[in-house]
Amino acid sequence: FSRDASFGGTAFRRVASFNGAAFSGVASFDGTAFRRVAAFDGAKFSSSARFDGAKFSSFASFRGVEFRGVAQFGSAKFSGYVWFDGAAFGEVALFENARLSGGAQFEGAEFSSDARFRTVRVEEGLSVGPSVIGGVLDLCGLRAGGEVRVVAAAREVRCEGAEFGGRVWLSLQGGELSLADSVFVGPVTVESPLEPIQSAIRGRVPGFSSQVVL
C-alpha cells in the first residue's frame, strides 16, 4: 500500500491475512471486526498503525511486525489469544483500555519508546519479554485474572493501582519499579537477571540473582 490505507468499520467474516504486507502511509483498522483469524505476521507499517476499537473474535498474530510509527490498539478487544512475538515498535505502543480475553504474548518484542498497557483487562495470561524497552513500561490500572510474566530492561516500570488474580513474575533490569496501591492475590516474584536482557532475546537462558518473593 503506497499511500494511506483505511479499513475502518470493515468486517472480515473469514480469515484475514495481511502477512508480509507493507504499508507506506497511515494504516487504519479503527473499529474493524475480524470475525475469524487475523494474521499480520511480518507486516511493515512505515507510518502509524491504528487498531483503536478493533474487534478480534478469534486468534490474532502480529509476529515479527515492524511498527515504525505509533502503534495504537486503544480499546481493542481480543477474544482469542494474540501474539506479538518478535515485533518491533519504533515509537510509542498504545494498548490503553484494551481487552485481552484470551491472553497475550510479547516474547522478544522490542520497544524503542514507551509501552503503555494502562487499564488493560486480561482475563487469561500476559507475557512480556524478554524485551528491551526504551521508555516506560506502564502497567498502571492493569486488571489480570491469569498469570503475568514480565522480563524486561526498562528505564521505569509503573504498576500502580493494578490488580492481579494469578501469579506474578517480574524479572527487571535497569530502572525503577513502582507497585503502589496494587493488589496481589497470588504469589509475587521480583528479581533481577544477572545477564543482559539482550542475551535472553538471542536465545540464551540468563542466570538470575537472589530473588525477593513477596
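The values are calculated or read from the model by the stated rules, or taken from the named source; none is laboratory data. Predicted model only: the values in this text are computed from it and were never measured. Note that we place each Cβ from the backbone using ideal geometry, even for glycine, and neighbour counts take in every protein chain shown. Keep in mind that these areas ignore ligands, DNA and RNA; they rest on the heavy atoms of the full protein, side chains included. Shrake-Rupley method; radii C 1.70, N 1.55, O 1.52, S 1.80 Å.
So here's what we get for this one:
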item: Failed criterion for ARG155 (all others in (1) among the charged types (D, E, K, R); (2) modelled with pLDDT of 95 or more; (3) in contact with a strand residue (DSSP E or B) (Cβ under 8 Å, 6 or more places away or on another chain) hold); result: (2)
item: Sole exception among (1) open to solvent by 10 Å² or more (accessible area, probe 1.4 Å); (2) in a strand (DSSP E or B); (3) modelled with pLDDT under 95 for GLY146, by number; result: (2)
item: Condition check for ALA49: more than 27 Å from CYS159 (Cα to Cα) and not β-branched (Val, Ile, Thr); result: no
item: Failed condition for GLN105, given (1) of a type outside the set (Asp, Glu); (2) at pLDDT 95 or above; (3) open to solvent by less than 10 Å² (accessible area, probe 1.4 Å); result: (3)
item: Hits in the range 178-199 - residues which are closer than 16 Å to PHE117 by Cβ and either aromatic (Phe, Trp, Tyr) or loosely packed, with under 14 Cβ neighbours inside 10 Å (or both); result: SER178
item: Members of the range 2-17 that are hydroxyl-bearing (Ser, Thr, Tyr) and either under 13 Å from ASP30 (Cα atoms) or open to solvent by less than 50 Å² (accessible area, probe 1.4 Å) (or both); result: SER6, THR10
item: Residues within the range 42-67 that are open to solvent by 40 Å² or more (accessible area, probe 1.4 Å), over 15 Å from the mean Cα position of the chain (by Cα) and within 18 Å of GLY108 (Cβ to Cβ), tallied; result: 1
